[in-house]
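Peer 1: This is the structure I want to talk about, given as structure tokens.
The values are calculated or read from the model by the stated rules, or taken from the named source; none is laboratory data. Small disclaimer: the values here were computed from a predicted structure and weren't measured. Don't worry about glycine lacking a Cβ; one is built from the backbone with ideal geometry, like all the others, and counts go over all protein chains shown. Keep in mind that these areas ignore ligands, DNA and RNA; they rest on the heavy atoms of the full protein, side chains included. Shrake-Rupley method; radii C 1.70, N 1.55, O 1.52, S 1.80 Å.
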Amino acid sequence: MADLNDPARLAELHQVLLRDDADAILDTCVERASELAQAPMALVSLIVRHIQLFRAHRGLPPELCVSCATSRSNSFCQLVVRQEAPLIIEDALSDERVSKELVERYGIRAYAGVPIRVRQHVVGSFCVLDVVPRGFEPRVIEGLEQLAVAVGARIEALEGDAPPPSRTVRERLARFEQTARTLEHALRAIAPVIAEAQSAAAALPEAPPAALSPDDLRAAVDCYRDMFAIATDLAEDAMLLARSSPAETAAEITQATRSLARDMVEISPLIRLAEGVLQGTLDERAAARAAHIVRDAFAAHENASVAVRRIIATVERAQAAEAW
């Protein structure tokens with residue numbers, strides 16, 4: 001079973017993740033996959049440290065077309081990468097291997113995904129999805145595997161087209177800005193989950209223990225865990241950038257990144273308490289209070305979003321100064 005956070009695997013995607021331009025070859029592959037399987041949706045899904053990114057897609061709901069990302073923790077595609085093998089889901093509603101969140105949110109019922117390989121590593125899933133329960137014939141899986149070879153070759157070529165490692169302050173600022181925008185992208189991707197759980201919590205009376213469902217609470221916890229980890233990565237990038245930037249620029253970037261880190265730290269006790277409820281280590285009274293825990297934690301998503309926008313604005317000012 002593969003380690004999703006294997007640095008060698010993630011390194012295969014470093015440059016591709018920093019590009020958001022459409023690619024004609026990848027777009028053609030998803031179109032052919034959709035036609036082959038007679039399925040309304042097809043994706044090139046790249047599994048990274050905390051989210052899955054859609055490098056090419058067809059038939060997605062409008063909000064996913066905008067975000068081009070969802071949380072990794074609830075994805076079907078993570079299982080393809082983890083197992084390094086095809087995954088076929090004929091009815092997601094009754095299949096215990098997968099989260100029911102995608103069923104409830106987008107009506108996904110059937111899925112067929114095959115590994116995308118770049119050199120020796122599985123970097124993602126090439127998949128088709130349907131909104132009705134169904135099977136997938138062997139010829140469809142074979143066709144997906146053939147197309148996945150072309151997808152892997154294209155991703156490898158895109159990596160090969162990447163510019164050399166950043167050396168100047170201006171180049172490092174550009175790289176940091178793109179990392180921050182990736183975090184902004186992730187925050188936008190998980191916003192619908194946050195909004196749904198917030199609505200559930202807001203509708204609760206003062207105390208009933210069973211009013212907030214475990215699924216609502218678990219979705220919020222998973223989303224916040226993703227944010228913690230991505231923010232940590234951004235902080236590490238900020239430290240590297242600060243070492244090579246002018247003192248004023250380094251101070252502004254460090255201050256903005258630390259502000260984000262504080263926003264995340266402030267809600268960590270609430271998340272740990274929520275996890276205790278889910279794991280059954282806290283009693284029913286604590287479960288009743290989970291609604292208030294979630295209510296209090298919701299502001300952190302907006303705070304984090306504001307902090308990331310502040311980071312991006314700081315980097316843009318630093319880039320303007322460098323241009324002079």
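Peer 1: If I filter the range 62-85 down to residues being of a type outside the set (A, V, I, L, M) and in contact with a helix residue (DSSP H, G or I) (Cβ under 6 Å, 6 or more places away or on another chain), which single residue comes out as modelled with the lowest pLDDT? Before you say what the answer is, go through the steps one by one.
Peer 2: In the first step, residues of the range 62-85 are kept if they are of a type outside the set (A, V, I, L, M); the result is 62-63, 65, 67-68, 70-78, 82-84.
With in contact with a helix residue (DSSP H, G or I) (Cβ under 6 Å, 6 or more places away or on another chain) added as a condition, the list becomes 67, 70-74, 78.
Working: S67: 68, T70: 77, S71: 74, R72: 80, S73: 77, N74: 79, Q78: 93.
Ranking the qualifying residues of the range 62-85, first place goes to S67.
Peer 1: Restricting attention to the range 132-178, and to residues there that are assigned to a loop (DSSP other than H, G, I, E, B) and at pLDDT 95 or above, which single residue is least open to solvent (accessible area, probe 1.4 Å)? Outline the logic, then answer.
Peer 2: Filtering the range 132-178 down to residues assigned to a loop (DSSP other than H, G, I, E, B) leaves 132-137, 161-168.
If we keep only those that are at pLDDT 95 or above too, we end up with 132-137.
Details: V132: 72, P133: 66, R134: 55, G135: 40, F136: 22, E137: 100 Å².
Only one residue fits best here, namely F136.
Peer 1: Are any of the residues in the range 65-78 hydroxyl-bearing (S, T, Y), on the phi < 0 side of the Ramachandran plot and surrounded by fewer than 17 Cβ atoms within 10 Å (Cβ to Cβ)?
Peer 2: Looking for residues that are hydroxyl-bearing (S, T, Y), on the phi < 0 side of the Ramachandran plot and surrounded by fewer than 17 Cβ atoms within 10 Å (Cβ to Cβ), one finds none in the range 65-78, hence no.
Peer 1: Among R105, R97, which is the only one that is within 20 Å of the chain's Cα centre (by Cα), among the charged types (D, E, K, R) and in a loop (DSSP other than H, G, I, E, B)?
Peer 2: On the way: R105 fails: in a loop (DSSP other than H, G, I, E, B).
Result: R97 is the single residue among R105, R97 that is within 20 Å of the chain's Cα centre (by Cα), among the charged types (D, E, K, R) and in a loop (DSSP other than H, G, I, E, B).
Peer 1: For the range 112-128, which residues satisfy the criterion of being under 18 Å from the mean Cα position of the chain (by Cα) and either hydrophobic (A, V, I, L, M, F, W, C) or more than 15 Å from L43 (Cα to Cα) (or both)?
Peer 2: I116, V122, V123, F126, C127
Peer 1: Output the number of residues of the range 1-49 satisfying the condition of being among the polar types (S, T, N, Q) and either modelled with pLDDT under 95 or within 16 Å of H185 (Cα to Cα) (or both). Before the answer, list the steps.
Peer 2: Of all residues in the range 1-49, those among the polar types (S, T, N, Q) come to 5, 15, 28, 34, 38, 45.
Still in the running and either modelled with pLDDT under 95 or within 16 Å of H185 (Cα to Cα) (or both): 5, 15, 45.
Residues meeting the conditions: 3.
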